[in-house]
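See below for the structure under consideration.
The values are calculated or read from the model by the stated rules, or taken from the named source; none is laboratory data. What you are looking at is a predicted structure, and each value in this text was computed from that prediction instead of being measured. Cβ placement follows ideal geometry from the backbone for every residue including glycine, while neighbour counts extend to all protein chains displayed.
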């Protein structure tokens, strides 16, 4: 243990260049998407040339038409109802599917693969497309919007919650198996309590997404504020549009603070 | 820590009527990655014995304990637990067998966000219909068993606390209560005190000894500390590289015996003190 003995360092682990390679690949992909030949076509000088065209719209947006307020109330309420119903149904459907899609809570590779594949497909279809097709199938109104939102929500919640289950400790589940519990019993008695915070978080987040998404769904006739947005936009009433945007902002802020309070109590 | 006498007298933990024996014949365990964890292990453990399994980490002692309740499948050989063949048991039959075998883990393995009571009720899963578990409607009898199990390890007062709020020693007692709630014929403990400080470790070992002496349950404990193995076991099984290299009484096992098992001289770290 002489202080003068030269330190013998262990051989350096191999593959330390890998993160750098990853960074280079990301930069390369970014560069390619920006390049005029292969990437998306856009140029900054278009902004310089055209910005004045939008200026009067921005000015109108800065002067909300407060007298329009009473007419926005019923569609706003409908938007909130759609969001709440869709969040509730989506959460109820998502909970068992989340447990089914995670390796820890469903060791069967095949049923897990089926759930994951179906949900990847569900997630890859835009909610606006769901709404368009459903409006054609069940008619204009809140119902197609709600169904579209439920599909959208299930895709998000199951993905996020099942991924959070994968990183949970497997030990408690093993204890349940050692005590003779079936997988279903173990999932209910043990895995569910551990997955609960992630589930509550995602459900609250999805509620906020639904308020925003249901404004867009109205554009294709699926109820809510979107129908009204489409109407005022057609008549270039940016002052009225401004009021609607303010209302959505207020609702999102309120949901954000309410969900923060719920999270503190439930999690 | 209260003693187990009360509950034994109350007649709740009376599985001692028929504790289970273990018969292993030429058991081999090979993991999918090619590692051979157990090599031709043959053991007879009689009902009511208190056995310490000793070996360095990687010696196969954890695999040995986990084969006994089927958490680790055996590659060849036969394994009878309580007179029933475990190596061929599947599905419901395997769950019923596991329901009779309590297990205690190094990391306690409690559902951290669940209450202490709900963790102990996990010990009743094998005796509970699935619909009751799904609805969270445990039978009053099962709850009573859970309360008594908690009482017997002295932490009934914590029944409604979240498991994660308890200290390490308390969490391990909850885990022992979970095993007791199974009303087991056999208890397996995989390094039950390796995460605990010395006084707490002795407390947990005394709990295990009482399970054996007062309730008559067969207890198999993995340990890597030789003084604990000597003090609390009546029989010592030494494993080295997946093979049984010693099998004899625990109290008289000399340091030389441990040196055989460990394949090196005894060191300061090998005793808890």
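The numbered conditions (1) surrounded by fewer than 20 Cβ atoms within 10 Å (Cβ to Cβ); (2) modelled with pLDDT of 90 or more are all true for residue A:234 except (2).
Filtering A:170, A:131, A:175, A:213 for residues that are crowded, with 23+ Cβ neighbours inside 10 Å and either modelled with pLDDT of 90 or more or within 14 Å of chain B (Cβ to nearest Cβ) (or both) leaves a single hit, A:175.
The set of residues in the range B:23-51 that are surrounded by 14 or more Cβ atoms within 10 Å (Cβ to Cβ) and assigned to a loop (DSSP other than H, G, I, E, B) comprises B:47, B:48, B:49. Applying the condition of being crowded, with 24+ Cβ neighbours inside 10 Å and outside any helix (DSSP H, G or I) to the range B:193-219 and asking which residue is modelled with the lowest pLDDT yields B:193.
For residues that are without any contact (Cβ under 8 Å) to a residue 12 or more places away in the chain and surrounded by fewer than 17 Cβ atoms within 10 Å (Cβ to Cβ), scanning just the range B:140-166, find the one that is farthest from the other protein chains (Cβ to nearest Cβ).
Our first condition is that a residue be without any contact (Cβ under 8 Å) to a residue 12 or more places away in the chain; within the range B:140-166, this holds for B:140-141, B:156-157, B:165.
With surrounded by fewer than 17 Cβ atoms within 10 Å (Cβ to Cβ) added as a condition, the list becomes B:140-141, B:157, B:165.
Values: B:140: 18, B:141: 17, B:157: 21, B:165: 14 Å.
Per the stated criteria, the residue is B:157.
Note on the range A:145-199: among residues that are assigned to a helix (DSSP H, G or I) and without any contact (Cβ under 8 Å) to a residue 12 or more places away in the chain, the one that is farthest from residue A:120 (Cα to Cα) is A:178.
Okay, residues lined up against (1) within 14 Å of chain A (Cβ to nearest Cβ); (2) part of a loop (DSSP other than H, G, I, E, B); (3) crowded, with 24+ Cβ neighbours inside 10 Å:
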position: B:53; (1), (2), (3): no, no, yes
position: B:64; (1), (2), (3): no, no, yes
position: B:88; (1), (2), (3): no, yes, no
position: B:97; (1), (2), (3): yes, no, no
position: B:102; (1), (2), (3): yes, no, yes
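Based on this model, can you work out whether residue B:228 counts as surrounded by 15 or more Cβ atoms within 10 Å (Cβ to Cβ), in a helix (DSSP H, G or I) and touching a strand residue (DSSP E or B) at 6+ places or on another chain (Cβ under 7 Å)?
On the way: surrounded by 15 or more Cβ atoms within 10 Å (Cβ to Cβ): yes; in a helix (DSSP H, G or I): yes; touching a strand residue (DSSP E or B) at 6+ places or on another chain (Cβ under 7 Å): no.
For residue B:228, the condition - surrounded by 15 or more Cβ atoms within 10 Å (Cβ to Cβ), in a helix (DSSP H, G or I) and touching a strand residue (DSSP E or B) at 6+ places or on another chain (Cβ under 7 Å) - is not met.
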